[in-house]
1. What are the residues in the stretch 139-160 that are open to solvent by less than 60 Å² (accessible area, probe 1.4 Å), in a helix (DSSP H, G or I) and not polar (S, T, N, Q), if any?
2. Looking at (1) out of contact with any Gly (no Cβ under 9 Å at 6 or more places or on another chain); (2) open to solvent by less than 10 Å² (accessible area, probe 1.4 Å); (3) assigned to a helix (DSSP H, G or I), which is the only condition Ser111 fails?
3. Quick test for you: out of Lys167, Lys136, pick the one residue that is open to solvent by 40 Å² or more (accessible area, probe 1.4 Å) and either assigned to a helix (DSSP H, G or I) or free of Cβ contacts under 8 Å to residues at least 40 places away in the same chain (or both).
Amino acid sequence: NLTQALKDYQTRNQPFPLAEAVEMMRQVALALEYAHRQGVLHRDLKPDNVILRSEATAALPYRPVITDLGLAKLAGGDVETQVGTTMGTPAYMSPEQALGQQASAASDIYSLGVMFYELCTGRLPFQVKNLMEAVKAHTQTPPPPPRSVRTDLPASVESLILKMMEKDPTRRYTDAASLARALEQVAAEIKAPPPPPPALVEKVE
């Protein structure tokens, strides 16, 4: 799974390849969009729950697959979370989940943002040890800018991550499809060749 892949790179003291991370998140966002369109919220997205299936795709040598829908529920369905009950894994849960409020598609996008932060920087935005610390961090503490951890990260990637991790769910991407389009644009920027240096003009005396 993705947790094991992250550990492999950390063991070698190497960052996760940026272009690969962006494309993986794009594919996961598309899968999430499909689930949301069926009315299904995951509510526990984390690297453990992304399997890298040995099935090459157009841009990756594997296919990321979302698994473990144990906390998933039908949006607006009969099975509701008890008010005041937190759901999800503390390090990845959205502010609204941390407060025991109703989850939405934006909650899954936040959790995906934490995963993307970890992929790009090699560390979690918040080093929480328990639920109480998680609630405080996710609801009150701004995440450290990703470029303060990994200086070679493009500004566009940092902006995208921080928008995914907005405290206010209405300030995140409106849906996973919008997120996938933003990731596609960032992927194109990363692949684009750098602009040529400006031409030298010989000064004539």
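The values are calculated or read from the model by the stated rules, or taken from the named source; none is laboratory data. Just so we're clear, the structure is a prediction, and the values are computed from it rather than from any experiment. Here the Cβ is made from the backbone with ideal geometry for all residues, glycine too, and neighbour counts use every protein chain on show. Each accessible area value is taken on the protein alone, full model and side chains, heavy atoms only, with ligands, DNA and RNA left out. Shrake-Rupley method; radii C 1.70, N 1.55, O 1.52, S 1.80 Å.
1. Looking only at the stretch 139-160, we keep the residues that are open to solvent by less than 60 Å² (accessible area, probe 1.4 Å), and these are 139, 141, 143-144, 146, 149-150, 153-158, 160.
Adding the requirement that they be in a helix (DSSP H, G or I) leaves 139, 146, 149, 155-158, 160.
Passing the criteria: Pro146, Val149, Ala155, Val157, Glu158, Leu160.
2. If we test Ser111 against (1) out of contact with any Gly (no Cβ under 9 Å at 6 or more places or on another chain); (2) open to solvent by less than 10 Å² (accessible area, probe 1.4 Å); (3) assigned to a helix (DSSP H, G or I), just (1) comes out false.
3. Details: Lys167 fails: either assigned to a helix (DSSP H, G or I) or free of Cβ contacts under 8 Å to residues at least 40 places away in the same chain (or both).
Just a single option satisfies the conditions, and that option is Lys136.
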